[in-house]
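The values are calculated or read from the model by the stated rules, or taken from the named source; none is laboratory data. Everything quoted here is computed from the prediction, not taken from an experiment. Virtual Cβ from ideal backbone geometry, glycine too; neighbours counted across all protein chains shown.
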Amino acid sequence: MNIKEKVKNYYSKKSKFSIFSDIIFAAFIIALIIPQSRVEVIALINKARVLVLQPSVEDNDEIISLTDNDYNWSAKNINGETVELSELKGKVIFVNLWATWCPPCIAEMPSIEKLYNIYKDNDKIAFLIVSNEDEEKVKAFMEKRGFKFPVYVSNFKLPQVLSTESIPTTFLVSKSGKIVVKQVGATNWHGDKMQSIVNKLIAE
């Protein structure tokens, strides 16, 4: 029996979960051996997480709201155009904090792109995908990946209610300024659950 047949015979006896575990382990080893591939490999592993995780709605007694002062914050898109958070008051606002070097951020971006494509023509919702990195670096990342959702860079300190020590972190803010969703870590933003939440907020 040659090597190819031995491998085929070996995997024919394993469960899908076991095979998936082998792939994850192999990817982890590759990431350790080849530093240049580390971000891509870890992003691939996080995509498995994105497939199963859905965003969580905040409990009513834990929901906090943006104040007028919190809306005094601005960012620039990669074309140099400035957006003021105060201009978006009265809309549903999807805020995602990320970085080009962050594998979980990269892993959830395809689902953000799908969500954006569903609502991009709806003037009752705004998307703010925000990094604090160099504008040219963010622009090069977007061109390489081919994502079309609007990305922004900001050197201004985020309002306290939108601050975080971990990325990715995503907030979904209602028209009245309530933070309905605060999600830390990579998540599936394109699932039925998220669309149901967004549709309900838009209809309010």
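Points worth noting:
Per-residue answers, yes or no, for (1) closer than 22 Å to L66 by Cα; (2) modelled with pLDDT under 95; (3) charged (D, E, K, R):
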{"position": "V153", "(1), (2), (3)": "yes, yes, no"}
{"position": "S166", "(1), (2), (3)": "yes, yes, no"}
{"position": "T187", "(1), (2), (3)": "no, yes, no"}
{"position": "V198", "(1), (2), (3)": "yes, no, no"}
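- Selection status of Y152, hydroxyl-bearing (S, T, Y), touching a helix residue (DSSP H, G or I) at 6+ places or on another chain (Cβ under 9 Å) and surrounded by 18 or more Cβ atoms within 10 Å (Cβ to Cβ): yes
- Of all the criteria given as (1) small (G, A, S); (2) in contact with a Leu (Cβ under 7 Å, 6 or more places away or on another chain); (3) crowded, with 20+ Cβ neighbours inside 10 Å, the one not satisfied by S131 is (2).
- Wholly enclosed strands (runs of 3 or more DSSP E) of the stretch 85-153 bearing at least 3 residues touching a strand residue (DSSP E or B) at 6+ places or on another chain (Cβ under 7 Å) and among the β-branched types (V, I, T): 92-97, 125-131
- Any hit, the stretch 124-131, residues being over 19 Å from the mean Cα position of the chain (by Cα), in contact (Cβ under 8 Å) with a residue 60 or more places away in the chain and in the same structural domain as H190 (by TED's automatic domain parsing): yes
- Pairs are defined by a Cβ separation below 8 Å, a sequence spacing of at least 6 or placement on different chains, a first member in the stretch 144-159 that is touching a residue at least 60 places away in the same chain (Cβ under 8 Å), and a second member that is charged (D, E, K, R); the pairs so defined are Y152/K76; V153/K76; V153/E133; V153/D134; V153/E135; S154/K76; P159/D70.
- So S174, is it over 20 Å from N72 (Cβ atoms), in contact (Cβ under 8 Å) with a residue 24 or more places away in the chain, small (G, A, S) and surrounded by 18 or more Cβ atoms within 10 Å (Cβ to Cβ): no
Matching residues to (1) surrounded by 19 or more Cβ atoms within 10 Å (Cβ to Cβ); (2) part of a loop (DSSP other than H, G, I, E, B); (3) not polar (S, T, N, Q):
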site: T170; (1), (2), (3): yes, no, no
site: I179; (1), (2), (3): yes, no, yes
site: A186; (1), (2), (3): yes, yes, yes
site: W189; (1), (2), (3): yes, yes, yes
site: S196; (1), (2), (3): no, no, no
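- Pairs with Cβ under 7 Å, 6+ apart, first in the stretch 98-112 and surrounded by fewer than 19 Cβ atoms within 10 Å (Cβ to Cβ), second part of a helix (DSSP H, G or I) and modelled with pLDDT of 90 or more: A99/C105; T100/K137; T100/V138; T100/F141
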